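Presented below is the structure to which this report refers.
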Amino acid sequence: MHDDDNPAVTLMSLASAPVPPPEPRRKGPQSLWELFTVFTWMALQGFGGVLAVVQRILVDDKQWMSIEEFVEQWSVAQVLPGPNVLNLCIILGGEYFGWRGAVVATLGILTAPCALVLMVAAWFSSVSDHAAVQGALRGLAAVVAGLIMATALRMSPAIRISPLGRGFALALVVLTFVLVGLLHVRLIWVLLALGSVSCVWAAREIRRRQ
């Protein structure tokens, strides 16, 4: 009988084989209160658009998500009805604490901004016609555009693991920019067309690799 057929030898070889280290557990909110305070602080920093702030806090500071997870869940949040950031927060809150987390995430992202907007609206109506105020708003719009572009560049490394392949994914990015930014095609039609193509292509590539 060969040694390979000996059960004792087989067990000894399995016992001596190196055990792969366990995957590090992803960080997450430790309580509903932490979830609420982080989302409230995040919402208070989102002047004109909270995408850049969300990516920095959830991925870089808190490390509740990897950049790949952020891109995937942000994609889901964009195709769902409602504000993108609110959708993402509800998804994340529900993932950790179920329906309670979804409710707390909604309260965190909406409560403080709603109170501020009501106060600012009462004040802004009296100064909205001033040239200095209008100039400041135009300047803020340019800053917000720059923040969105910088966030898009920071999210771009996630393309390397896309089942679409880097070339096809970049082609979709360019085509989306042309259709929405230059040709002003309605976003719903772009999502239905390019989104359907990308989903079918990704499913095909995943089945092929398996």
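The values are calculated or read from the model by the stated rules, or taken from the named source; none is laboratory data. What you see is a predicted model, and the numbers here were worked out from it, not measured in a lab. We place every Cβ from the backbone using ideal geometry, glycine too, and count neighbours over all the protein chains shown. When the accessible area is computed, the model is the full protein with side chains, heavy atoms only, and any ligands, DNA or RNA have been set aside. Shrake-Rupley method; radii C 1.70, N 1.55, O 1.52, S 1.80 Å.
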0 to 90° range, to nearest 10: angle between helix 166-177 axis and the chain longest Cα axis: 20
Peptides ranked, highest mean first, by Cβ atoms within 10 Å: ranges 54-64, 147-157: 54-64, 147-157
For the chain, build the charge dipole from Cβ charges (+1 Lys, Arg; -1 Asp, Glu) around the Cα centre, then report which of 189, 153, 114 sits farthest towards its positive end. 189
Of the accessible area of the chain, computed with a 1.4 Å probe and all protein chains kept, carbon and sulfur make up a percent value of 69
Cβ-defined net charge surrounding residue 34, 14 Å radius [Lys, Arg +1; Asp, Glu -1]: +2
Explain nothing, just the number: relative contact order of the chain, from Cα pairs under 8 Å at least 6 residues apart, as a whole percent. 19
Could you tally the net charge around residue 59, taking each other residue with its Cβ under 9 Å from the Cβ of residue 59, Lys/Arg +1 and Asp/Glu -1? 0
As I understand it, the value is the acute angle between the Cα axis of helix 84-124 and the longest principal axis of the Cα atoms of the chain; what does it come to in degrees, rounded to 10? 10
Per DSSP H run of n ≥ 4, the term is -39500 (n - 2.57); total these for the chain, divide by its residue number, and report the mean residue ellipticity at 222 nm rounded to 500 deg cm²/dmol. -23000 deg cm²/dmol
Quick one: accessible area per residue over the chain, 1.4 Å probe, rounded to a whole number of Å²? 67
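Can you give the charge dipole size of the chain about its Cα centre, rounded to the nearest 20 debye, using +1 on the beta carbon of Lys and Arg and -1 on the beta carbon of Asp and Glu?
Working: 15 positive and 13 negative charges, 123 e Å.
Computed about the Cα centre, the dipole is about 600 debye.
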Find how much the distance from residue 79 to residue 173 grows on full extension, using 0.36 nm per residue of separation minus their present alpha carbon separation; answer in nm with one decimal. 32.3 nm
